[in-house]
Amino acid sequence: MSKARETYYKIYATSELPVAVFTYSHRNVFGIIQIGSVNINFNEPHESNISKLEEIEDLFMDFMFWNNSDEGEKFWRENPIKFTPRGIAN
């Protein structure tokens, strides 16, 4: 089972809404981790939705994960983001 398919059904099974925003993280050409998202309507055919997610996976094959996947949850747990407001020095 692809990561996209696995994540899709995980979110679909727990969603109380007919729509969801699937977020993903990928490394850009400069090595910086960026976050993207795709809107999914669960009223659309499942295979159509999964195809959209798999297209994103194919685009970022070198380093990409779905933030709501087991892999993504583990990554963000081990690599928390620290936000510093503008104008405040550390």
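Among the numbered conditions (1) at pLDDT 95 or above; (2) closer than 25 Å to ARG27 by Cβ; (3) assigned to a loop (DSSP other than H, G, I, E, B), the only one that ASN43 does not meet is (2). Scanning the range 60-75 for residues that are assigned to a helix (DSSP H, G or I) and in contact (Cβ under 8 Å) with a residue 24 or more places away in the chain turns up GLU71, GLY72, PHE75.
Provide a single number: the residues in the range 10-22 that are among the hydroxyl-bearing types (Ser, Thr, Tyr) and in contact (Cβ under 8 Å) with a residue 12 or more places away in the chain. Total satisfying the criteria: 2. Close Cβ contacts (under 6 Å, 6 or more residues apart or on different chains) running from residues in the range 23-41 that are more than 16 Å from ASN79 (Cα to Cα) to residues that are in a loop (DSSP other than H, G, I, E, B) comprise THR23/ASN67. Assessment of the range 6-20 against the conditions (part of a strand (DSSP E or B), among the β-branched types (Val, Ile, Thr) and within 12 Å of the chain's Cα centre (by Cα)) yields no matching residue.
The values are calculated or read from the model by the stated rules, or taken from the named source; none is laboratory data. Here the structure is a predicted model, which means the values were calculated and not measured. Reconstructed Cβ throughout: ideal geometry from the backbone, glycine too, with neighbour counts over all protein chains shown.
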